Structures are given as structure tokens and as C-alpha cells.
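Down below is the structure, laid out as C-alpha cells.
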Amino acid sequence: MIFGDQLDEHAPLLAKLNPTTDTVLMMEVAQESQHVPSHVQRTVLFLSAMRHFADHLQARGFQVRYIRLEDPANTHSFTTELARAIADLRPSELLCTWPGEWRILQQVQSWSQRFKLPVTVLPDEHFITTAQAFSDWAAGRRGLTMEYFYREQRRKTGYLMAGKPPQPEGGDWNYDAGNRQSFGRSGPKPPPPQPPRFTPDSITRAVIDAVRSRLPNLPGRLDSHDAFAWPVTRAQALASLKDFIQHRLAGFGPHEDAMWTDTPFVYHSVLSPALNLKLLNPRECCQAAIAAYQSKQAPLQSVEAFIRQIIGWREFIHGVYWLEGPDYAQRNSLNQHGQLPEFYWTGQTDMACMRQALTQVLDIAYGHHIQRLMITGNFALLSGVHPKAISDWYLGMYADGVDWVTLPNTLGMVMHADRRPGSTAGVTGLVGTKPYAASGKYIQRMSNYCSGCRYDPAERTGPNACPFTVFYWDFLIRNRDQLAPNNRMAMMFKNVDAIPPETLVQISIDAKSLRKQWGIDPR
Ligand code: SF4
């Protein structure tokens, strides 16, 4: 059995199969697009990439039992489709690769007993660090700091290490002091080169038609076949990697946190959908970036920043997901219970930054990391949305959404919600040592969104006050007992203490009113 996010041509599973006697089972089941609302483009991406992968396997001589979304006999869940396959094929054994989600793993683990069949789950060798190796690294640590994990990854892989004994290339582990630049008033000049678009072929067009007819109510937009442009094959994914290395990698580091109107990709790689479907291998992405550094095509500050995203953050988040177990999804350390506002599904809001970020997600199922962390995520954190509500939205609405990615990123990075129950690690979260909370002034500094907005990022009360600024101060006021003991938050609370008491009261009143207006807190 091969799941939709396991499209790895070099997976060890394939090496274990005998093409003349074994059958590969792949299934398009509606349940996977409906357990959380899945963006129409994300759904098409998964299914089209699966169909192309199945064709590739057949060309290699494998027998494939492929269940399409529109097949009349399709029962639309993995377990019931497996039951049909077992009845038809009478296998002696079932093999699969470790899935990307606890929910699916639990289904897999039930099948042996249910179907009286040996089930072997192979490790997912796409990742550089196994779940066991991450667990060994994490053992005995009170908090999990990505930076220490990342340094160990650098030593282990040898990426950007030089000399004897190996030291970080250039002398430093990271070059963020020269990164995180905004574009200033004039914006990016010239505009960043766009990532390649891939015209849908007949397979993708058939998937689009099937999704429209079988799943007509999915969120997001796909107004025409040609609006879909994601890579769906390994060849296209490799073309995307090559394009990034040649055209955007050099600008990536300095501007990785910058945002600009109608510039959805900036210098980002936009490789995460292909990586998370396993059409690309993280090692080849790193090696391509290092080759660009060695040939002086890209500066160290950009290459190091990209490598850190891949072998640092991506592997770290994957490790946290499997380390913390299925109950991780229930964590809510800041006790926030608000509902996700309707404008997350429509983009219709008078906040210019949110309108930009949300419309972009609805149009292309993508937002770069700083839009996710500091716009759509920051709003959810500050306004008091329930962590699972925003986490499910991230899972379903982005082309690269897979549970192991979105859950720890959202609960840990965005919502500061992942403190272990009974933790003795002080006041910090598991993944983040403090919340990524920022007022409208941060967004004003890192983008041009505020210049086209009816709100004023410097105002914290009144009808023109920026909702991010109102909610920022209200967040600190509401969570003072939990957050003030954190030394890293001392300056923030010093600033709260400098606000006149009557203004603090007004901030709380205005925040409550906004929460009610947007249905976050219906009371
Ligand atoms: Fe966003 Fe506030 Fe700036 Fe408007 S003023 S764009 S709401 S940060």
C-alpha cells in the first residue's frame, strides 16, 4: 500500500516487491479530503501526483490496483478499500511505509487483527533523522531547542562544515544577523523571479473534473483547469528545484521574512508541496544549494538559511510530531477556545494584511512561512482562536499540508500551545521558548500592507486601531499570569506596565468587541 504523500521512486518498499507476484495498492478516498476541509488545489495536487506515480510504477513493470475517486465501487475509506482489495487479491502479507499522520498509523495498526494478515510498516527513509534517533536526542532534555538539533544535523550530514575537526562553514552556525531584511519603501527591485508553472496535462485535467463532480464543496478556488500550476511529477519537481537554485536562492536569506503586496512567493523555494509528497528528497535539495554556494551562485547567508529550513526545522518538526504522540493534538497551554473567523474561508476582511494572505491561500493554496507565522497565525494566537481550529485550517488549506508538518508548526510555533502536561520546564512551550506575538507595527516594518489599510498599526484603541495591535496588548493582558514569569517576555510586560490603566481597560473592551464582531468569541 502506498499513501498519497509517499510518492518516492526510491522508497525501500518498492525494492521489496516482486513485480510479477505482488500488487501495489493506491486509493483516492473522499474521507481524506473531508476529515478536515481540504483546499480544492491541495486535493487535485495529491490525486494528480498519485495518478502520475501509479503510471510511473506501471511503466517500471509493477502491477497497480488503483482506485480512482470516481470509481463507482469506491467505498471512500482506506479500511473498506483494503477490505475489497483483500477479498479480490487474497494477499499473504501487507507492506506499507510509515504514514505521515497518527490517525492513519492507528488505522494501519488495526489491520493485522482485523484482516488476519501480517502487516509490516517500513520506516520512512525519506527523512534524514529517524523517529528513534530524534527520541534519543530529545531524551532527558527539559525543552527541545531547534538550534541544538540543527547543529547536530550539520555535524551528522557534513553539510556546510569545513576543516578538521569540522567547523561551520564561514565560522558561524547561522547568518540571520544579515537576513530578515524588509524591502524598504520602494519594494523588491526588480520583482523576484516567479517559480515555474506547470500546465495541467490530460491526467491532471481528468482529476480536476473528478474532484469538481465528486467533491463540489471543497474550499479554495480553481476557476479553470489552467489555474492549477503545481508540479505533479518528479521531473517537474526537479525542474522546480533547479529553478529555485538558479533564480531565487541567492535572494532567499536576506528577504526570507519580508512581505510585499501581490508578491506571494518572494524568494521562497516553494518546494514544500513536492518535498512533502516525497517527489523530492531533502538531501538532493541541500546538495543542490551547497553546489550553488561552492560555484559562487549563491551567498552563504542564503544557502545556510535554506539548509536550516530543511535539515533543521523540517526534520525537527517531524521528530516532535512522532515523539509527542497522538495526544499532542489536544494541547492548549494558553487555554484559548475561540472559533476561527469566517474570513479565513472567504478572504473578506478590511484588514489589508489578512486579506492579502488569505486571498492568496484561497487562490493558490500557498503562503510563505512568514505570512503563516506572523499574519494568519499571529492573528489566531492574539485573538484567542483554539489551536486545533487553526491547525486544521493549515492542514487542509495549503498545498503542502500534512499532519506531521502542520500540527507541531501550529501548536508549537504559532500558538505556543504545546507545553507538556505537568511540564517542569518553567513557562516555555516545547517547541518555542516564547510566543511569536507581534503587533501591527511588526507587519508595518516587514511589509507594505499597512499603507493600503483602513487601520493604523500605531493605534491601540478606538475605531481606527489596528486589530493586531489591539489584540497584541490584550493577549499580554489576558495571559499575564502564564507569560510574565518568562524572562524572554520581560520587556513586553515592561511596556504593558507603561500603559495608563484606563487605556488597558479600553484595550480589553475593544478586543472583546472585535472578538464578538468576528464570531471568535460568540458570547
Ligand atoms: Fe494589518 Fe493592521 Fe497593517 Fe492593517 S494596519 S495591514 S490590519 S497590521
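Here the calculated FRET efficiency for Arg454 and Lys516, from their Cβ-Cβ distance with R0 = 25 Å, stands at 0.80, rounded to the nearest 0.05.
For Thr97, the residues whose modelled amide H falls within less than 5 Å of its own, excluding neighbours fewer than 5 places apart on the same chain, are Phe3, Leu122.
Taking 8 Å as the Cα distance limit and 6 or more residues as the minimum spacing, I'd like the relative contact order of segment 379-523 as a percentage.
Relative contact order, segment 379-523: 20 percent.
Working note: Karplus 6.51/-1.76/1.60 with θ = phi - 60° gives segment 414-420 the couplings 7, 9, 6, 10, 9, 4, 5 Hz, where Gly and Pro are set to x.
If packing is taken as the average number of other Cβ atoms within 10 Å across a peptide's residues, how do 214-227, 51-64, 271-284 rank, most packed first?
My ranking of the peptides, most packed first, is 271-284, 51-64, 214-227.
For segment 133-265, compute Rh as the Kirkwood radius over C-alpha pairs and then the Stokes-Einstein diffusion coefficient at 10 °C and 1.306 mPa s; write the answer in µm²/s, rounded to an integer. Estimated diffusion coefficient is 82 µm²/s.
Of Lys388/Lys512; Lys164/Lys278; Lys16/Lys116; Lys441/Lys494, which ones are farther than 26 Å apart at the Cα?
Details: Lys388/Lys512 21 Å; Lys164/Lys278 34 Å; Lys16/Lys116 21 Å; Lys441/Lys494 17 Å.
Table pairs above 26 Å Cα-Cα are Lys164/Lys278.
Shown in residue order for segment 209-222 are the 3J(HN,Hα) couplings computed by the Karplus curve 6.51 cos²θ - 1.76 cosθ + 1.60 at θ = phi - 60°: 5, 5, 5, 4, 7, 8, 10, x, 9, 5, x, x, 10, 8 Hz (x for Gly and Pro).
Sort 391-401, 251-261, 111-121 by the packing proxy (mean of other Cβ within 10 Å over each peptide's residues), most packed first.
Details: 391-401: 23.2, 251-261: 21.5, 111-121: 14.2.
Most protected by this proxy first, the peptides run 391-401, 251-261, 111-121.
What are the ³J(HN,Hα) values, in whole Hz, obtained from phi via the Karplus relation 6.51 cos²θ - 1.76 cosθ + 1.60 with θ = phi - 60°, for each residue of segment 84-97 in sequence order, with x given for Gly and Pro? Karplus-based 3J(HN,Hα) across segment 84-97 equals 5, 5, 5, 4, 7, 9, 6, x, 8, 7, 10, 10, 8, 9 Hz. The relative contact order of the chain, computed from alpha carbon pairs under 8 Å that lie at least 6 residues apart in sequence, is 16 percent. Computed over segment 244-380, relative contact order equals 26 percent, with contacts defined as Cα pairs under 8 Å that lie 6+ residues apart.
The angle between the Cα long axis of helix 467-478 and the longest principal axis of the Cα atoms of the chain comes to about 80 degrees, rounded to the nearest 10.
Between the alpha-carbon centers of segment 71-123 and segment 173-243, tell me the distance in whole angstrom. With segment 71-123 and segment 173-243 each reduced to a Cα centre, they are spaced 32 Å.
Along each principal axis, taking the top coordinate minus the bottom one, the Cα set of segment 12-122 gives 36, 34, 28 Å in descending order. If you plug the beta carbon distance of Lys164 and Ala239 into 1/(1 + (r/R0)^6) with R0 = 30 Å, you get a FRET efficiency near 0.20. Evaluating kT/(6 pi eta Rh) at 20 °C and 1.002 mPa s, with the Kirkwood radius of the chain over Cα pairs in the Stokes-Einstein relation, gives 88 µm² s⁻¹. Sorted largest first, the spans of the alpha carbon positions of segment 113-181 along the three principal axes are 58, 29, 28 Å. With the convex hull drawn around the C-alpha atoms of segment 5-59, the volume per residue stands at 86 Å³. Less than 5 angstrom separates the built amide H of Val64 from those of Val24, all sequence-distant by 5 or more or on a different chain. Between amide H atoms placed 1.01 Å from N, distances below 5 Å from Asn281 occur with no residue 5 or more places distant or on a separate chain. Normalised size of segment 329-517, defined as Cα radius of gyration per 2.2 N^0.38 Å with N residues, equals 0.98. Note on the chain: helix-only mean residue ellipticity at 222 nm, from DSSP H runs of 4+ residues weighted -39500 (n - 2.57) and normalised by residue number, equals -12500 deg cm²/dmol.
Values quoted throughout were computed directly from the atomic coordinates according to the rules given, and no laboratory measurement underlies them. Please read all numbers here as calculations on a predicted model, not as lab measurements. Positions of Cβ are generated from backbone atoms using ideal geometry, with glycine treated the same way; all protein chains shown enter the neighbour counts.
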